[in-house]
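Scroll down for the structure; my scribbles are underneath it.
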Amino acid sequence: MRLWLPILAVAYLLGSIPFGYILVRLFRKEDIRSTGSGNIGATNVVRSGAKGLGILTLLLDLLKGFAAVKIALYFAPGTPGFPSDLAVAAGIAVVLGHVFPVWLGFKGGKGVASALGVFLALAPLAALCALGLFIVVFAITRYVSLASILAAVMLPVFCMLFMPDRSPIFIGGVIFLALLVVAKHRANIARLMQGKENRFGSSKSAPSHTDKQGRA
């Protein structure tokens, strides 16, 4: 148990690194939070006109989720084919770090890419199924938000299918992360229901006060 505090602290701080914010500030001298939806994630970086930085943001956000779990697994490997409780907790901590980063006043992104990285390390088959679902839904609808929400909702189902021997902490962690991602998309859900959500690649107007507060 003495490993838990330092591992979880490292995971949270790793998740708190706002790569989208840093890359746009470094290469474009802009604050990504004042552009588009105000989100620091890859989608908003791409929509700001920086496609290369958006792809790099996606990869780095994914990598920090993957790395946090792998660090925990190094110290607490668990049993063959099944992650340790510490690895699951580290996955939760890194996503919380991304969503509530200490460096940006606890106002971060939606956690989609970081959560994907977490599950690629924890449950790769389930993560790949969720990614496949995301790609199909996005290809059909061009809604990043809808694809993210459906992938998050189905991820616990995929985990149950591919990991029948699971601990209560694993089940709780998977459901918590799925609900967190969905909750961070609450503004998008409202716009989808109203038919006002922007499709990827469409023109996007300046963010409203509500959008910024919701980090939509």
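Read-outs throughout are calculated quantities, based only on the coordinates presented, and are distinct from any laboratory measurement. If you're wondering where the values come from, they're calculated on a predicted model, not measured in any experiment. Ideal geometry is used to build each Cβ from the backbone, glycine not excepted, and the neighbour counts take in all protein chains shown.
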**Request:** Rounded to whole Hz and in sequence order, give me ³J(HN,Hα) for the stretch 145-157 from the Karplus expression 6.51 cos²θ - 1.76 cosθ + 1.60, θ = phi - 60°, writing x for Gly and Pro.
**Result:** 5, 5, 4, 5, 5, 5, 5, 5, 5, 7, 4, x, 5
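What does the charge count around V118 come to, taking other residues whose C-beta lies under 13 Å from its C-beta (Lys +1, Arg +1, Asp -1, Glu -1)?
Residues near V118 contribute +1 overall.
Suppose every Lys and Arg Cβ carries +1 and every Asp and Glu Cβ carries -1, with no other charges. What dipole size does the chain come out with about its Cα centre, to the nearest 20 debye?
Working: 21 positive and 7 negative charges, 147 e Å.
Taking the Cα centre of the chain as origin, the dipole is about 700 debye.
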**Request:** Convert each backbone phi in the stretch 158-174 into a coupling constant with the Karplus relation 6.51 cos²θ - 1.76 cosθ + 1.60 (shift: θ = phi - 60°), then list the ³J(HN,Hα) values in order as whole Hz, x for Gly and Pro.
**Result:** 4, 5, 5, 5, 8, 10, x, 9, 9, 8, x, 5, 5, 4, x, x, 5
**Asked** In nm, what is the difference between 0.36 nm times the number of residues separating R199 and F27 and their Cα-Cα distance?
**Response** 59.3 nm
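When only Cα pairs under 8 Å and 6 or more residues apart are kept, what is the percent relative contact order across the stretch 1-137? Before the final figure, lay out the partial values.
Working: 224 pairs, mean separation 39.8, N = 137.
After rounding, I find 29 percent.
Only Lys, Arg, Asp and Glu count, each charged at its Cβ (+1, +1, -1, -1), so figure out the dipole size of the stretch 1-107 about its Cα centre, rounded to 20 debye.
On the way: 10 positive and 4 negative charges, 60 e Å.
Charge dipole, the stretch 1-107, about its Cα centre: 280 debye, nearest 20.
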**Fill in**
Under the 7 Å Cα-to-Cβ spin-label approximation, I17 and V157 lie apart by a distance in nanometres of 3.5
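For the stretch 4-214, count all C-alpha to C-alpha pairs, find those more than 24 Å apart, and express that count as a whole percent of the total. Before the final figure, lay out each step's value.
Numbers: 8467 of 22155 pairs.
Here the tail beyond 24 Å accounts for 38 percent of pairs.
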**Item:** Under the Karplus curve 6.51 cos²θ - 1.76 cosθ + 1.60, θ = phi - 60°, whole-Hz ³J(HN,Hα) for the stretch 25-35, x wherever Gly or Pro sits
**Value:** 5, 6, 9, 10, 6, 10, 9, 4, 5, 9, 10
**Fill in**
Per-residue ellipticity at 222 nm attributable to helices in the chain (runs of n ≥ 4 DSSP H, -39500 (n - 2.57) apiece, nearest 500 deg cm²/dmol) works out to -22000 deg cm²/dmol
